[in-house]
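To start, the structure itself, in structure tokens.
The values are calculated or read from the model by the stated rules, or taken from the named source; none is laboratory data. What you see is a predicted model, and the numbers here were worked out from it, not measured in a lab. Cβ coordinates were reconstructed from backbone atoms using ideal geometry, including for glycine residues, and neighbour counts include every protein chain displayed.
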Amino acid sequence: MVDTYTERAAHYTNSVVQRLFGIIQRKNSNLCVAADLTRKTALLTLVDAVGPYICVLKTHIDILEDFDQEFIRRLQELQARHDFLIFEDRKFADIGNTVKLQYTSGIYKISSWADITNAHPLPGDGIVAGLKEGGLEKGRGLLLLAEMSSEGSMATGSYTESCISMAQRNKDFVIGFVAGRKVSDDDFLVFTPGVSLDTSRDSFGQQYRTPQQAIDSGSDVIIVGRGIYGAEDVVVEAKRYRDAGWAAYLAASLE
Ligand code: BMP
């Protein structure tokens, strides 16, 4: 039997995690949509359609061809309307001073609107220190990439173990991992990409598992991209993945 989201919430102090668990419970959803679209109107239309069924919206802000600050304002309106967190999948990977600038400055000013972002542990603890300076006071949270879903990923074994240690040293800001399974016994969230109900891989080495396989492996939030935004009816697919993820969670919490 796994602890329920409500039981888990009591173990965390980070406000982002508290907000996330609240949303998951209110919406009966552990679904994060990876909205990898390149035009802001299409992206906002997708978010408005799937918003009711998701707990987190994941963005790749740098693939937008027509980004402007107005887009952020409209995204925040949708966030308020549909009640979800925003996760910018920036995968920071530089020294602390540089990532702090990349996180807070430039065109995107990610720390001003993204509740959650993520980083590779590759550069060492300085990357967390730099991002923490940009995000902790704003109430943001960080995920570390402990594993990747792509074939041949080098984030395995001792690399993954070092990533877990890094998270343990930075529990005020690191809220969890991007990983395919529960990589640590500590109270860290696990966000799992590479989830599909219909496909097992793509032509670039992406590897998929079902929502049930991900949840049974200890995932807390399943991330679905093309399985939803690539569908003819995105609402039907969002509901299908929301229901599959929630049914798998309910079954796991009763086992
Ligand atoms: P899709 O479901 O279309 O394969 O999209 C997966 C999403 O998750 C993409 O936005 C990708 O950048 C992200 N992702 C991933 O696929 N594997 C990882 O290990 C980490 C990711 O962030």
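Where strands (runs of 3 or more DSSP E) fall wholly inside the stretch 163-255, the ranges with 1 or more residues that are away from the ligand (no atom under 13 Å from the Cβ) and crowded, with 17+ Cβ neighbours inside 10 Å are 174-178, 189-192.
The selection criterion, being among the polar types (S, T, N, Q), part of a helix (DSSP H, G or I), away from the ligand (no atom under 16 Å from the Cβ) and surrounded by fewer than 18 Cβ atoms within 10 Å (Cβ to Cβ), does not hold for Gln102. Of the residues in the stretch 8-20, at least one is of a type in the set (D, E, K, R) and modelled with pLDDT under 95.
Residues that are under 19 Å from Ile61 (Cβ atoms) and surrounded by fewer than 20 Cβ atoms within 10 Å (Cβ to Cβ) within the stretch 114-137 comprise just one, His120.
Within the stretch 56-94, being of a type in the set (S, T, N, Q) and surrounded by 16 or more Cβ atoms within 10 Å (Cβ to Cβ) holds for Thr59, Gln79. Contact map, the stretch 42-66: first residue away from the ligand (no atom under 16 Å from the Cβ) and part of a helix (DSSP H, G or I), second residue at pLDDT below 95 and of a type in the set (A, V, I, L, M), Cβ cut-off under 9 Å, separation 6 or more or different chains; the map is empty.
Scanning the stretch 6-56 for residues that are aromatic (Phe, Trp, Tyr) and within 16 Å of the chain's Cα centre (by Cα) yields Phe21, Tyr53.
Taking the stretch 60-78 as the range and being out of contact with any helix residue (DSSP H, G or I) (no Cβ under 8 Å at 6 or more places or on another chain) and closer than 23 Å to Tyr241 by Cα as the test, only His60 passes. When Ala114 is tested against (1) aliphatic (A, V, I, L, M); (2) out of contact with any Phe, Trp or Tyr (no Cβ under 6 Å at 6 or more places or on another chain); (3) part of a helix (DSSP H, G or I); (4) away from the ligand (no atom under 12 Å from the Cβ), just one condition goes unmet, and that condition is (3). Restricting the stretch 20-41 to residues that are β-branched (Val, Ile, Thr) and closer than 18 Å to Arg226 by Cβ leaves a set whose member that is farthest from the ligand (Cβ to nearest atom) is Thr38.
The set of residues in the stretch 125-160 being more than 19 Å from the chain's Cα centre (by Cα), within 16 Å of the ligand (Cβ to nearest atom) and part of a loop (DSSP other than H, G, I, E, B) consists of Glu151, Gly152, Met154, Thr156.
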